[in-house]
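Just below is one structure, and these are the notes that go with it.
The values are calculated or read from the model by the stated rules, or taken from the named source; none is laboratory data. Model, not experiment: these values are computed from the prediction. For neighbour counting, all protein chains shown are included, and Cβ atoms are generated from backbone atoms with ideal geometry for every residue, glycine included.
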């Protein structure tokens, strides 16, 4: 049965969707070194975010003159955000899996974290001039609390994607509980996912990928309410060399 609003209309679907599936079994101690293990990813992402910043400016001029976001640039920028989310889910903003994130911009239905944005066929010329700074200011104030601080360029993109603040604190609390009790608190995971989802919606809007204003709404839980992904394929037990010796 399709959900409907109280007035009988279909629920509004936001074009940016973030998903994450909590591993049923997590190592008690691997989270202590995950930040070291992802250093190669961070080095690569530094350069990718620099490229994303430059390409977003190019896309902005394209929208201004043609009302279109160049598809190749759009796919690349979404890929960088997807890559960032996988790394964050693994090590920084959720600690939700012990599976090492792939070095890839492409969707991977076997990995338990994903991010995607619907490609817009047409965008407003006028909004491109104001939405990323003026209209998004109220959202930035909220995201500053969730993700920690302000920033521009690739550094801003990284923090906006959940590199500190309340998200990092709650993820760390969950990791400590995991170490003590051997179980990741599901309520914290669902809440952290909602905070991350809010940040990534704002990120997509600030990157000019949609004209639809991000909702002031905390959609908690691993699965985005606007997206129902296929359940990831579980790895063969013992296949993960990084996680196997830390259980």
### Task
Tell me, please, whether a residue that is surrounded by 15 or more Cβ atoms within 10 Å (Cβ to Cβ), touching a helix residue (DSSP H, G or I) at 6+ places or on another chain (Cβ under 8 Å), touching a residue at least 24 places away in the same chain (Cβ under 8 Å) and over 17 Å from residue 29 (Cα atoms) can be found in segment 97-104.
yes
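Is it the case that segment 123-132 has a residue that's in a loop (DSSP other than H, G, I, E, B), farther than 25 Å from residue 213 by Cα and in contact (Cβ under 8 Å) with a residue 40 or more places away in the chain? Outline the logic, then answer.
Initially, segment 123-132 is screened for residues in a loop (DSSP other than H, G, I, E, B), giving 123-126, 130.
With the extra rule that they be farther than 25 Å from residue 213 by Cα, the set shrinks to none.
So far as segment 123-132 goes, no, none of its residues is in a loop (DSSP other than H, G, I, E, B), farther than 25 Å from residue 213 by Cα and in contact (Cβ under 8 Å) with a residue 40 or more places away in the chain.
Any idea which of 76, 89, 95 is modelled with pLDDT of 95 or more and part of a loop (DSSP other than H, G, I, E, B)?
Exactly one residue qualifies, and that residue is 95.
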### Query
Restricting to segment 26-64, what's the tally of residues that are loosely packed, with under 15 Cβ neighbours inside 10 Å and assigned to a loop (DSSP other than H, G, I, E, B)?
2
### Task
Would you check if there is a residue in segment 203-210 being under 11 Å from the mean Cα position of the chain (by Cα) and crowded, with 19+ Cβ neighbours inside 10 Å?
yes
